[in-house]
Every structure is written in structure tokens, then in C-alpha cells.
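**Student:** Below you will find the structure I want to go over with you.
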Amino acid sequence: MAGSKGLLAFAFTLLLSNGIKAYKFEEPKCETAEEHYIMYPASDPRSFYVCLPDGNPRLVECDAGHVFVNDEQVYGCAPFSLWPCNKNVVPIDCSGADRDTLVRAQDPHNYWICAAPNGTPTELPCPDGKGFVKNSTHMGCISWDGWSC
Ligand SMILES: *[C@@H]1O[C@H](CO)[C@@H](O)[C@H](O)[C@H]1NC(C)=O
């Protein structure tokens, strides 16, 4: 009895740690036939690369509100809500803790701010080519190449 419970907890932990993967850019390789069937994550997570028949990579943008996901459930563009990187993204609380800070939006290119005069939640984009990062050492817009979630 205790043994199977332990095993279950172990399996659950594995599932969780696999599910929350850091986003990882992959250099597209378009040499072999197999490599031509792969979708490669781009540095901007809202897009990916495919290989053209001539062997050159081509950047493809997901539809608005979608990011490229490659995990156990999804291989392709998925809504923001299904993205492991958004697991800990919560709406800004302008009446409390978040009044004087910035909060990442579901769209990794955007962030929320409590705008004056009444502390209205306002979603703003980072400059082109940048995503929003907030962790224990960084807060702000950062080039997609250095972006992490
Ligand atoms: C915070 O994010 C930056 C930018 O992506 C990254 O370089 C850094 O390692 C992160 N720090 C932690 C503690 O995760």
C-alpha cells in the first residue's frame, strides 16, 4: 500500500518536472530528409522554423495568441493557456502586491503595469525583438536570444 503510493507520487513528480520545461531555441538544421520534417523553436517563442526544399530555414509565425510548443501533449502552435511557460503567469493585482511592479503577460512579448492615476491594469508591449522577463535577478524587456521563462 505505502509502496504504490510512493510510486504514484514519484510518477507525478516526474510528470511535473517534465511539463515545466524552460523554453529553448534550436538552431534549425536542414540537411537530412528527417530534419526537413522537424519544426524548430525560434528565439521568439511565438514562432518556429521549418526547412524549405532548398535547404534553407524559414521562420513561421504562429497565429495571434499562440506560441510554439513541443512537449508530451503538443507539437505545434498552441494557445497561450496551454504553454508550460505560462503556468505561473497570473493577472496583475493593482489593488495590492503588484501596484509598484511589472508583471509578465500571457503573451511573452508583453507586460502589465498599474497605470496612473487610478492604478488601472494596462498591458504594454516590449520593443520589437524583445520579450519580458521577471525572475529573482531580472525584470524588464530582454532580447529574445537571452529570454527565458
Ligand atoms: C533570469 O532571467 C535571465 C534572462 O533570461 C536569465 O539570464 C537568468 O538566468 C534568470 N535568473 C534566474 C535566477 O532564473
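**Student:** Could you please find all residues in the range 93-149 being among the aliphatic types (A, V, I, L, M) and at pLDDT 95 or above?
**Tutor:** Selection gives L102, V103, A105, I113, L124, V133, M139, I142.
**Student:** Another one. Being touching a Cys at 6+ places or on another chain (Cβ under 6 Å), under 28 Å from L59 (Cα atoms) and not assigned by TED's automatic domain parsing to the domain that holds G65 narrows it down to one residue among C77, C114, C126; which is it?
**Tutor:** C126
**Student:** A further question follows. Which number in (1) surrounded by 11 or more Cβ atoms within 10 Å (Cβ to Cβ); (2) in a loop (DSSP other than H, G, I, E, B) marks the one condition that D63 misses?
**Tutor:** Result: D63 fails condition (1) only.
**Student:** When the residues of the range 90-133 are narrowed to those that are charged (D, E, K, R) and buried (at least 16 other Cβ atoms within 10 Å of the Cβ), which ends up nearest to S43 (Cα to Cα)?
**Tutor:** Only one residue fits best here, namely K130.
**Student:** Right, here's the next one. At pLDDT below 90, under 23 Å from W83 (Cα atoms) and basic (K, R) - does that describe any residue in the range 11-29?
**Tutor:** Checked against the condition, which is being at pLDDT below 90, under 23 Å from W83 (Cα atoms) and basic (K, R), the range 11-29 yields at least one hit.
Per-residue answers, yes or no, for (1) within 16 Å of the ligand (Cβ to nearest atom); (2) at positive phi; (3) under 17 Å from the mean Cα position of the chain (by Cα); (4) not in a loop (DSSP other than H, G, I, E, B):
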residue	(1), (2), (3), (4)
V89	yes, no, yes, no
N118	no, no, no, no
F132	yes, no, yes, yes
C149	yes, no, yes, no
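The values are calculated or read from the model by the stated rules, or taken from the named source; none is laboratory data. Given the structure is predicted, the values throughout are model-derived calculations rather than measurements. Methodologically, a virtual Cβ is constructed for each residue, glycine included, from the backbone with ideal geometry; neighbour enumeration extends over all protein chains shown.
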